[in-house]
Amino acid sequence: MQAIFLAIEGFAGVLMEQTRGSLTGRQALDLERVRAGALRGDSLMRGLARLSTVAGAEVQPRPVAMGPLVRQCIQELLPSLQQRSVEWELSPAPWPQVTADPMLLRIAIEQLLANAVKSTRGSAQPRIGVGVDSTIDECTIAVADNGDGFDPACLHRFFAPFERNGVGLALVKCIAQRHGGRVQAQARPGAGTLITMTLPRPVADAGSGWP
């Protein structure tokens, strides 16, 4: 199925080049819509494949230092901001370690940050806060933004695939559940969003904090 979407996108691109200047405005727009639709279809298929992989992956938990992990994820995200100035607010060190599968936890953090970046696209002064809080039984990772928020009445669809940012938040929910944890969201329209992911059994040693 994914190859079909890519083929449609490729043929549409070739046709756009071959007919450049000879199509009416409406025809060119319709062709661009076909190409964009094929790209969206390809993206959806890739997202479903990744969600399926995560859902079936063997969880291999080990101690993970949250500070370095979050820092790496933010640094890798910066090039995609396209010169947007985002104010990052990080809770003070030391940050705790958590017991989790490092690869799956990285995916979850990446998706939480990507969702916050997407939510703040319309903000004049975008701010994204990241923090970690731990108790003897749990560790909670929180990502807050001052973006567009959402209607609390739609909360039941918030972590469903393709409802927010493709499968991003569905991946976060799946990863939390694979670890025996949970996710929650709070928001109001125009007042930003707070998403928390809570995992059980944090490592007691909080010495590896924010570098």
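Points worth noting:
Table: residues versus (1) outside any loop (DSSP other than H, G, I, E, B); (2) among the charged types (D, E, K, R); (3) in contact (Cβ under 8 Å) with a residue 12 or more places away in the chain; (4) within 20 Å of residue 135 (Cα to Cα).
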{"site": "76", "(1), (2), (3), (4)": "yes, yes, yes, no"}
{"site": "84", "(1), (2), (3), (4)": "no, yes, yes, no"}
{"site": "92", "(1), (2), (3), (4)": "no, no, yes, yes"}
{"site": "113", "(1), (2), (3), (4)": "yes, no, yes, no"}
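- Test: residue 117 is in a strand (DSSP E or B) and in contact (Cβ under 8 Å) with a residue 40 or more places away in the chain: no
- Beta carbons closer than 6 Å, at least 6 apart along the sequence or on distinct chains, pair a first residue in the stretch 178-202 that is hydroxyl-bearing (Ser, Thr, Tyr) with a second that is open to solvent by less than 60 Å² (accessible area, probe 1.4 Å) and at pLDDT below 85 for 193/149; 193/187.
- Selection from the stretch 74-133 of residues that are open to solvent by 20 Å² or more (accessible area, probe 1.4 Å) and among the hydroxyl-bearing types (Ser, Thr, Tyr): 80, 85, 91, 99, 123
- Failed criterion for residue 80 (all others in (1) modelled with pLDDT under 75; (2) in a helix (DSSP H, G or I) hold): (1)
- Matching residues in the stretch 186-211 - criterion: being among the small types (Gly, Ala, Ser), surrounded by fewer than 17 Cβ atoms within 10 Å (Cβ to Cβ) and at pLDDT 50 or above: 190, 191
- Looking across the stretch 144-169, the residues that are open to solvent by less than 10 Å² (accessible area, probe 1.4 Å) and either out of contact with any helix residue (DSSP H, G or I) (no Cβ under 9 Å at 6 or more places or on another chain) or modelled with pLDDT of 85 or more (or both) come down to 147, 169.
The values are calculated or read from the model by the stated rules, or taken from the named source; none is laboratory data. The structure displayed is predicted, hence computed values, not measured ones. Quick reminder, even Gly has a Cβ in these numbers, built from the backbone with ideal geometry, and neighbours come from all protein chains shown. Each accessible area value is taken on the protein alone, full model and side chains, heavy atoms only, with ligands, DNA and RNA left out. Shrake-Rupley method; radii C 1.70, N 1.55, O 1.52, S 1.80 Å.
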